[in-house]
Amino acid sequence: MNENKELLKKLNTDFKRVFPNESILDYIAIPEERSLSNLTVVYYRDGYYFIKYIGIREAEKSIKYYKNYSDFLYNILDEIITNKAIDFAAKNRKPNEDFRRSLFTKEIELMALISDEFREKKKNEIKAILENNPYTDS
């Protein structure tokens, strides 16, 4: 139980590097403190970090696990950052420009607040997306 509380504390510290005025508790919980508003639960057990999706998200792969904290953190932040970047891109949409330009730029900018490694990982993911689906500015 204390391991999970320590994990949540560490996640919140890392989360605040990107979103200093928010709490990770608005997005995730640990099993001991889950409420109906938290559809993502995280915990540490037997040397692995787990992300478990509850409720409507159970149609997806319900449990993901990671051996190292960095991969675990990246996957948690990636979902939150992507959702925030979508909101940003929608509010700042430019006529005749592919919506994804501002979306991807914002994702890279926010990931860079965590580390160069996270920024580069996101850049590579975006590069792969654009290889198959290039921008369609009109």
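Are there GluC sites (Glu not before Pro) in the range 57-138 that DSSP marks as loop and that have at most 15 other Cβ atoms within 10 Å, and which are they? Mind dumping the intermediate values first?
Working: sites: 58, 60, 79, 97, 107, 109, 117, 120, 125, 131; in loops: 60, 97.
Sites meeting the loop and neighbour criteria: 60, 97.
Taking a threshold of 27 Å on the Cα-Cα distance, which of the pairs 16/106; 9/84; 64/91; 10/52; 16/123; 64/84 fall above it?
Checking Cα-Cα distances, 64/91 exceed 27 Å.
Could you give the length gained by full extension between residue 87 and residue 116, i.e. 0.36 nm per residue of separation minus their alpha carbon distance, to one decimal place? Mind dumping the intermediate values first?
On the way: separation 29, 0.36 × 29 = 10.44 nm, distance 2.36 nm.
Between residue 87 and residue 116, full extension yields an extra 8.1 nm.
Calculated from DSSP H runs of 4 or more alone, at -39500 (n - 2.57) each and per residue, what is the 222 nm mean residue ellipticity of the chain, nearest 500?
On the way: 4 runs with 71 residues, N = 138.
Theoretical 222 nm ellipticity from helices: -17500 deg cm²/dmol.
Based on DSSP, what percent of beta bridges with both residues in the chain are antiparallel, to the nearest 5?
For the chain, the DSSP antiparallel bridge percentage is about 90.
Using 0.36 nm per residue, how much length does the chain from residue 13 to residue 54 gain when fully extended, once their Cα-Cα distance is taken away?
Extra length from residue 13 to residue 54 when fully extended: 12.4 nm.
In square angstrom, rounded to the nearest 10, how much accessible surface does residue 7 have for a 1.4 Å probe?
10 Å²
Got a number for carbon plus sulfur as a percent of the range 99-138's accessible area, 1.4 Å probe? Display every interim value, and only then the final one.
Numbers: 1260 of 2430 Å².
Here carbon and sulfur together make up 52 percent of the probe-accessible area.
If amide H atoms are built 1.01 Å from N in the plane of the peptide, which residues on other chains or at least 5 residues away come under 5 Å of the amide H of residue 98?
Under 5 Å from the amide H of residue 98 lie the amide H atoms of 136, 137, 138, each far enough along the sequence or on another chain.
Sort all Cα-Cα distances of the range 62-134 into consecutive 10 angstrom bins from zero, then give the percent of pairs in each bin up to the one containing the longest distance.
The percentages, shortest bin first, are 19, 46, 29, 5, 0.
So what's the gap between the Cα centers of the range 1-21 and the range 64-88, to the nearest angstrom?
Centre-to-centre (Cα) distance: 13 Å.
Under 25 °C and 0.890 mPa s, how fast does the chain diffuse according to Stokes-Einstein, given a Kirkwood radius computed over C-alpha pairs? Answer in µm²/s, whole number.
151 µm²/s
Measure nothing fancy, just the Cα-based angle from helix 116-132's long axis to the longest principal axis of the chain, in degrees from 0 to 90, nearest 10.
50 degrees
The values are calculated or read from the model by the stated rules, or taken from the named source; none is laboratory data. Keep in mind that what you see is a predicted model, and the values were worked out from it rather than measured. When we count neighbours, we look across all protein chains shown, and the Cβ atoms used for this are built from the backbone with ideal geometry, even at glycine. For the accessible areas, the whole protein counts, side chains as well, though only heavy atoms, and no ligand, DNA or RNA atoms are used. Shrake-Rupley method; radii C 1.70, N 1.55, O 1.52, S 1.80 Å.
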